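The values are calculated or read from the model by the stated rules, or taken from the named source; none is laboratory data. Just so we're clear, the structure is a prediction, and the values are computed from it rather than from any experiment. Cβ coordinates were reconstructed from backbone atoms using ideal geometry, including for glycine residues, and neighbour counts include every protein chain displayed.
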Amino acid sequence: MDPGRAQFIWPVRVYYEDTDAGGVVYHANYIAFMERARTEFLRHHGITLSCMERDHRVLFAVTSLSVHFRHPARLDDALEVSVAIQEARAASMVFGQTIRCGERLLVEAEVRVAALSADSFTPIAVPSFMKAMLNDHLARMLASD
């Protein structure tokens with residue numbers, strides 16, 4: 001990803017294991033593709049989930065997910081999964097995500113993720129260094145509109 005670019009893009013290849021009996025990607029696998037892209041977005045910015053749990057006692061949980069399936073992906077398709085911050089709050093964030101095959105938009109989603117204490121599973125504030133990164137990304141998104 002270009003550091004100045006507003007969206008993070010993660011490539012995904014569709015394998016046989018991703019498809020259903022109809023020969024298209026099984027709907028739940030799109031959600032897995034988006035989870036991987038969000039994880040890689042954080043990793044790209046120097047934040048790993050294992051470090052967040054181990055060093056900061058923070059876990060992340062999806063609290064809401066809205067998905068619009070437009071077109072199916074098929075075996076061997078080369079997909080691009082995008083990640084963009086739409087909202088950064090004290091203890092949660094909202095990601096806007098898309099999955100494309102070439103120029104064709106296949107899936108759109110909005111994913112709300114909460115920061116939770118690894119000890120009590122109750123909401124806690126997103127650590128300041130992560131909040132700063134999210135706000136910086138959000139500012140770039142707004143500036144690119």
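To keep it simple, each residue is scored yes or no on (1) among the hydrophobic types (A, V, I, L, M, F, W, C); (2) at pLDDT below 95; (3) touching an Asp or Glu at 6+ places or on another chain (Cβ under 7 Å).
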position	(1), (2), (3)
ALA32	yes, no, no
LEU65	yes, no, no
ARG74	no, no, no
VAL81	yes, no, no
THR98	no, no, yes
GLY102	no, no, no
LEU105	yes, no, no
ARG112	no, no, no
SER120	no, no, no
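Taking region 106-145, which residues are in contact with a helix residue (DSSP H, G or I) (Cβ under 9 Å, 6 or more places away or on another chain) and closer than 16 Å to GLU87 by Cβ?
ALA109, VAL111, VAL113, ALA115, ALA125, VAL126, MET130, MET133, HIS137
Could you list, in sequence order, the residues of region 107-145 that are more than 17 Å from VAL58 (Cβ to Cβ), surrounded by 12 or more Cβ atoms within 10 Å (Cβ to Cβ) and in contact (Cβ under 8 Å) with a residue 60 or more places away in the chain?
VAL107, ALA109, VAL111, HIS137, ARG140, MET141
So how many residues does region 60-98 have that are in a strand (DSSP E or B), farther than 20 Å from LEU138 by Cβ and acidic (Asp, Glu)?
Here is the first cut: in region 60-98, the residues in a strand (DSSP E or B) are 60-69, 74, 78-88, 92-98.
Among the residues that remain, those that are also farther than 20 Å from LEU138 by Cβ are: 61, 67-69, 74, 78-80.
Keeping just the survivors that are acidic (Asp, Glu) gives 80.
The number of residues fulfilling the criteria is 1.
Among the residues of region 81-91, which ones are touching a strand residue (DSSP E or B) at 6+ places or on another chain (Cβ under 7 Å) and surrounded by fewer than 18 Cβ atoms within 10 Å (Cβ to Cβ)? Break it down stepwise before answering.
Looking only at region 81-91, we keep the residues that are touching a strand residue (DSSP E or B) at 6+ places or on another chain (Cβ under 7 Å), and these are 81-87, 91.
Of everything in region 81-91, those that are touching a strand residue (DSSP E or B) at 6+ places or on another chain (Cβ under 7 Å) and surrounded by fewer than 18 Cβ atoms within 10 Å (Cβ to Cβ) turn out to be GLN86, GLU87, ALA91.
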